[in-house]
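Read-outs throughout are calculated quantities, based only on the coordinates presented, and are distinct from any laboratory measurement. Just so you know, these numbers come straight off a predicted model, no measurement behind them.
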Amino acid sequence: MRSRIKLGRETMKTLKALILAAVCSSFLVTTSFAEEFGTKEEAAALLERAVALVRIDKNRALDLFTSGEGGLIQKDLYVFCFAPDGTVIAHPNIVGLNTFDNDFVDVQGTQLGEALFNAARAGGIGEATYQYERPTTGSDKEFTKTALMTRVAGIVCGVGYYNPE
């Protein structure tokens, strides 16, 4: 048999206010955390972790990169991966997009798929610099972004960091 606790009207109002405050403050903490700029060193460490996960279980790793579970989104840093045909297979927002599409360009006309694929190195890390918005903030303002790119297990993965200026 389930027991019930009776609370007065004022206690319920206070409890609702406390719950609402907790939810709002957790949103603010998450938002301010996402507004912080990650560094090149943090991006490199996240990419190293991503490569290790792909080597252990590629499909599970791709799911984790897309969902951001397990600490795989840090500040404004996130892992993204492409299949050999240019299709995005892991990203917080654009899974399924073909990066070789002529419409996938930055404001300066850089064809992003080509730039990212050309930067990727098997067994090493290359860099590609371009303009891109910060999807973790919900803003469409574009910043200079440098992606650290590598090839692992037949796919291309990267983590990009933004220049805050």
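What translational diffusion coefficient, to the nearest whole µm²/s, does segment 37-162 have by Stokes-Einstein, given a Kirkwood radius computed over alpha-carbon pairs, a temperature of 20 °C and 1.002 mPa s viscosity? Display every interim value, and only then the final one.
Values: Rh = 14.1 Å.
It comes out at roughly 152 µm²/s.
Quick check: residue separation of T129 and T144 times 0.36 nm, minus the Cα distance between them. What number comes out in nm?
Separation in residues times 0.36 nm, less the Cα-Cα distance, equals 4.7 nm.
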